[in-house]
Amino acid sequence: IAHKDSLTGIKNKTAYVEKTAELDKKIAKLQANFCIVMVDVNYLKRVNDNYGHELGNTYLINACKLICAVFGENHVYRVGGDEFVVVMEGEEVSLSKYFVTQFKLDMERKNANESLKPWEKVSAAVGMAIYDPIRDKNADSVFKRADKEMYENKLAMKASRTA
């Protein structure tokens, strides 16, 4: 229970902190091969304000389901209100860009479905970083690069909406 998010049922921030400690040990032993994907859900406040917090929770659950469907539930952590982190290791790292692309395509498909209510759709900014032994001294460094890319994606999404 201490490692599960009560709303979504996936692993929580405590589990993520333990995972990064495990990754840091692998880095120290020169055995690390992982990537981190940062997913920040858009419009949660808008859904909460317009439809209520219960449907806001439904919106988050739907976002979580899509993230887990693409990346695999065993890789996904909810680390904040509307923030999810995906950690992939080993052979899956080589497929990480494919998974990110697939997530974006699935999200676009869902958002294009006019029959879905706003809380049934999913909008999220995504960033990814692969561990680089030259640049990264710890897992947090990889997280920060993924977070920076996610933030750049979020800004690009906002710019395209106002254009």
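Name the helices (runs of 4 or more DSSP H) wholly within the range 1-90 that hold at least 1 residues that are among the aliphatic types (A, V, I, L, M) and under 18 Å from Glu120 (Cα atoms)?
Numbers: elements: 13-28, 44-51, 53-71.
Here the list reads 44-51, 53-71.
Just one of Ala124, Ala63, Ala69 is over 10 Å from the mean Cα position of the chain (by Cα), modelled with pLDDT of 95 or more and within 25 Å of Ser6 (Cβ to Cβ); which is it? I'd like the intermediate steps shown before the answer.
Values: Ala124 fails: over 10 Å from the mean Cα position of the chain (by Cα); Ala63 fails: over 10 Å from the mean Cα position of the chain (by Cα).
Answer to the check: Ala69.
Residues that are among the aliphatic types (A, V, I, L, M), open to solvent by 60 Å² or more (accessible area, probe 1.4 Å), touching a strand residue (DSSP E or B) at 6+ places or on another chain (Cβ under 9 Å) and over 25 Å from Lys25 (Cβ atoms): does the range 100-112 have at least one? If you could, list the steps in order and put the result at the bottom.
First pass over the range 100-112, keeping only residues among the aliphatic types (A, V, I, L, M): 100, 105, 107, 112.
Those still in the list that are open to solvent by 60 Å² or more (accessible area, probe 1.4 Å) too: 105, 112.
Checking the rest, the ones that are also touching a strand residue (DSSP E or B) at 6+ places or on another chain (Cβ under 9 Å) come to none.
Checked the range 100-112: no residue is among the aliphatic types (A, V, I, L, M), open to solvent by 60 Å² or more (accessible area, probe 1.4 Å), touching a strand residue (DSSP E or B) at 6+ places or on another chain (Cβ under 9 Å) and over 25 Å from Lys25 (Cβ atoms).
Open to solvent by 20 Å² or more (accessible area, probe 1.4 Å) and under 20 Å from Tyr16 (Cβ atoms): which single residue out of Lys117, Lys158, Lys144 fits that description?
Details: Lys117 fails: under 20 Å from Tyr16 (Cβ atoms); Lys158 fails: under 20 Å from Tyr16 (Cβ atoms).
Answer to the selection: Lys144.
Return the total of residues in the range 120-141 being outside any helix (DSSP H, G or I) and either open to solvent by 50 Å² or more (accessible area, probe 1.4 Å) or of a type outside the set (Gly, Ala, Ser) (or both).
Step one: filter the range 120-141 for residues outside any helix (DSSP H, G or I), giving 121-138.
Narrowing further to those that are either open to solvent by 50 Å² or more (accessible area, probe 1.4 Å) or of a type outside the set (Gly, Ala, Ser) (or both): 121-122, 126, 128, 130-138.
Of the residues in the range 120-141, 13 are outside any helix (DSSP H, G or I) and either open to solvent by 50 Å² or more (accessible area, probe 1.4 Å) or of a type outside the set (Gly, Ala, Ser) (or both).
Identify all residues within the range 28-50 that are open to solvent by 80 Å² or more (accessible area, probe 1.4 Å) and either within 20 Å of Met150 (Cβ to Cβ) or in contact with a Ser or Thr (Cβ under 9 Å, 6 or more places away or on another chain) (or both); write none if there are none.
In the first step, residues of the range 28-50 are kept if they are open to solvent by 80 Å² or more (accessible area, probe 1.4 Å); the result is 28-31, 45-46, 49-50.
Correct list: Lys45, Arg46.
What's the total number of residues in the range 1-20 that are touching a residue at least 40 places away in the same chain (Cβ under 8 Å) and surrounded by fewer than 15 Cβ atoms within 10 Å (Cβ to Cβ)?
1
The values are calculated or read from the model by the stated rules, or taken from the named source; none is laboratory data. Computed from a prediction, not measured in an experiment: that's the story for all the values here. Every residue, glycine as well, gets a Cβ built from its backbone with ideal geometry; the counts of neighbours run over all protein chains shown. Protein only, heavy atoms only, side chains kept; ligands, DNA and RNA dropped before computing areas. Shrake-Rupley method; radii C 1.70, N 1.55, O 1.52, S 1.80 Å.
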